[in-house]
Amino acid sequence: MMGIKWLLGGHHVYIVSTWTISHAASIMLYHLLLQTVNTQQSAGVSPGQPHLLQYKLDDRQDVEKAVNDLSQAASGGSLYVIADEVKSRYFRTVCDKLLTQVPHLHLWAASFHHEDAPAGWQVEYLTRPLRSPPAVVREVAQNWSITDFRDVLPYSERGVADHTDGPPVTRLYHGEGHSGDRPRDCVTCGRDVASFLLSLRVSVTENVTTTATTVTSTNGGTTPTCLQWRDVLLLDWDDISDDSGMVKGLKEAGIPVRVMNDDDIDDVATARSDVVWVTDGPRVCGLERKVVVCLEEDLNARFYSMSRCCTHSHPDFK
């Protein structure tokens, strides 16, 4: 990872969150780099330090603030910046202004939209689906951002053998006999999801994936695995509260579930608490979990939520 390389070179690394949706991913990156620093210091090495800066670059005032903060942080004319989950019409402005003010600018940025790169900058397209199994990739590939608008590039070939295709998607339906208008409002849907999660908790002998409620689990193998509650994310497209039927149903079944508030982003990003976190899907862009529960069935939910599901590796599945 470029940030680790910069830290080991003794440089200060500035992790920049460009909008609300990138906060969780930026916090996760900050803590990963901090772990590297702590490990190196324990070994008697003095690396650089990571710094976390959060902005809302849709606000022109924050654009100027970001440029001023980063320009002043440059040491000896050099500046090292990482920005993940970039999506802001003003991000290119920040980059261009930094180029004029910092003689030796080192900036690495990533975005799922390929049109956000400043003109003339080196661009690499990372389209190989190495994190999720084919069953999940096929679902995500149906999103209109890929098929119609084409502001997200389609997947390329994986290039290495798939250990498992993953299961076909299984849907748990909100229908007759259920309460509320949507799965998030329904206690019965909460109980159904709880039953599924409890079965995963005990033993998983094959891959399971489910969506509208959609549960995506990619455990890839035949050896039983031990999932923890922190391995699960439950994502809605809108805000969901403790009073929702879904959360009530989960709690009644004994699932340790918590609804994420602004103060919890650090905890969610680092998976510190062993609980099932419930939140609005776009608020955790960039975070991955072994099991993802999606409470919407539209294509945006597939893109933002199902793409959060990564492959769970155990000793016989490298």
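The values are calculated or read from the model by the stated rules, or taken from the named source; none is laboratory data. Predicted model, so just to flag it, every value in this text is computed and none were measured. Cβ atoms come from the backbone with ideal geometry, glycine included; neighbour counts cover every protein chain shown. Ligands, DNA and RNA are excluded from the accessible area calculation, which covers all protein heavy atoms including side chains. Shrake-Rupley method; radii C 1.70, N 1.55, O 1.52, S 1.80 Å.
Restricting attention to segment 49-76 and to residues that are of a type in the set (Lys, Arg) and part of a helix (DSSP H, G or I), the residue that is surrounded by the most Cβ atoms within 10 Å (Cβ to Cβ) turns out to be LYS65. Each residue in segment 253-269 was checked for being under 16 Å from CYS285 (Cβ atoms) and either of a type in the set (Ser, Thr, Tyr) or outside any helix (DSSP H, G or I) (or both), and 1 of them qualify.
Among the residues of segment 93-104, not a single one is surrounded by 21 or more Cβ atoms within 10 Å (Cβ to Cβ), touching a residue at least 12 places away in the same chain (Cβ under 8 Å) and within 30 Å of ARG289 (Cβ to Cβ).
For segment 263-283, taking the residues that are in contact (Cβ under 8 Å) with a residue 60 or more places away in the chain and farther than 25 Å from ASP185 by Cα, the one that is least open to solvent (accessible area, probe 1.4 Å) is identified as ALA269. The residue pairs whose first member lies in segment 128-147 and is within 15 Å of HIS113 (Cβ to Cβ) and hydroxyl-bearing (Ser, Thr, Tyr), whose second member is at pLDDT below 90 and in a helix (DSSP H, G or I), and whose beta carbons are closer than 9 Å, counting only pairs six or more residues apart or on different chains, are SER145/LEU299; SER145/ASN300; SER145/PHE303; THR147/LEU299. Using the structure shown, decide if ASP231 is surrounded by 18 or more Cβ atoms within 10 Å (Cβ to Cβ), in contact (Cβ under 8 Å) with a residue 60 or more places away in the chain and over 27 Å from THR164 (Cα atoms). It is false that ASP231 is surrounded by 18 or more Cβ atoms within 10 Å (Cβ to Cβ), in contact (Cβ under 8 Å) with a residue 60 or more places away in the chain and over 27 Å from THR164 (Cα atoms). Scanning for something within 30 Å of GLN72 (Cβ to Cβ), small (Gly, Ala, Ser) and not in a loop (DSSP other than H, G, I, E, B), does segment 106-113 turn up at least one residue? Within segment 106-113, one or more residues are within 30 Å of GLN72 (Cβ to Cβ), small (Gly, Ala, Ser) and not in a loop (DSSP other than H, G, I, E, B). Selection of first residues in segment 48-59 that are within 15 Å of HIS23 (Cα to Cα) and of second residues that are among the polar types (S, T, N, Q) and modelled with pLDDT under 95, restricted to Cβ pairs under 7 Å at least 6 apart or on distinct chains, gives the following pairs, ordered by first then second residue: TYR55/THR18; LYS56/THR20; LEU57/THR18; LEU57/SER88; ASP58/SER88.
Condition check ((1) in contact with an Asp or Glu (Cβ under 9 Å, 6 or more places away or on another chain); (2) acidic (Asp, Glu)) across all residues:
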{"site": "HIS12", "(1), (2)": "no, no"}
{"site": "LEU29", "(1), (2)": "yes, no"}
{"site": "SER42", "(1), (2)": "no, no"}
{"site": "GLU64", "(1), (2)": "no, yes"}
{"site": "TYR80", "(1), (2)": "no, no"}
{"site": "VAL86", "(1), (2)": "yes, no"}
{"site": "ARG92", "(1), (2)": "yes, no"}
{"site": "HIS104", "(1), (2)": "no, no"}
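Across segment 64-104, which residue is modelled with the highest pLDDT among those that are touching a His at 6+ places or on another chain (Cβ under 9 Å) and of a type in the set (S, T, N, Q)? Only one residue tops the list, namely SER78.
GLU124 meets each of the listed conditions (1) among the charged types (D, E, K, R); (2) assigned to a loop (DSSP other than H, G, I, E, B); (3) surrounded by 15 or more Cβ atoms within 10 Å (Cβ to Cβ) apart from (3).
GLU85 - would you say it is crowded, with 19+ Cβ neighbours inside 10 Å and in a loop (DSSP other than H, G, I, E, B)? Taking the combined requirement at face value, the residue satisfies it.
If you check GLY44, GLY9 for being on the phi > 0 side of the Ramachandran plot and surrounded by fewer than 19 Cβ atoms within 10 Å (Cβ to Cβ), only one passes: GLY44.
The single condition among (1) among the hydroxyl-bearing types (Ser, Thr, Tyr); (2) over 20 Å from the mean Cα position of the chain (by Cα); (3) open to solvent by 70 Å² or more (accessible area, probe 1.4 Å) that THR36 does not satisfy is (3).
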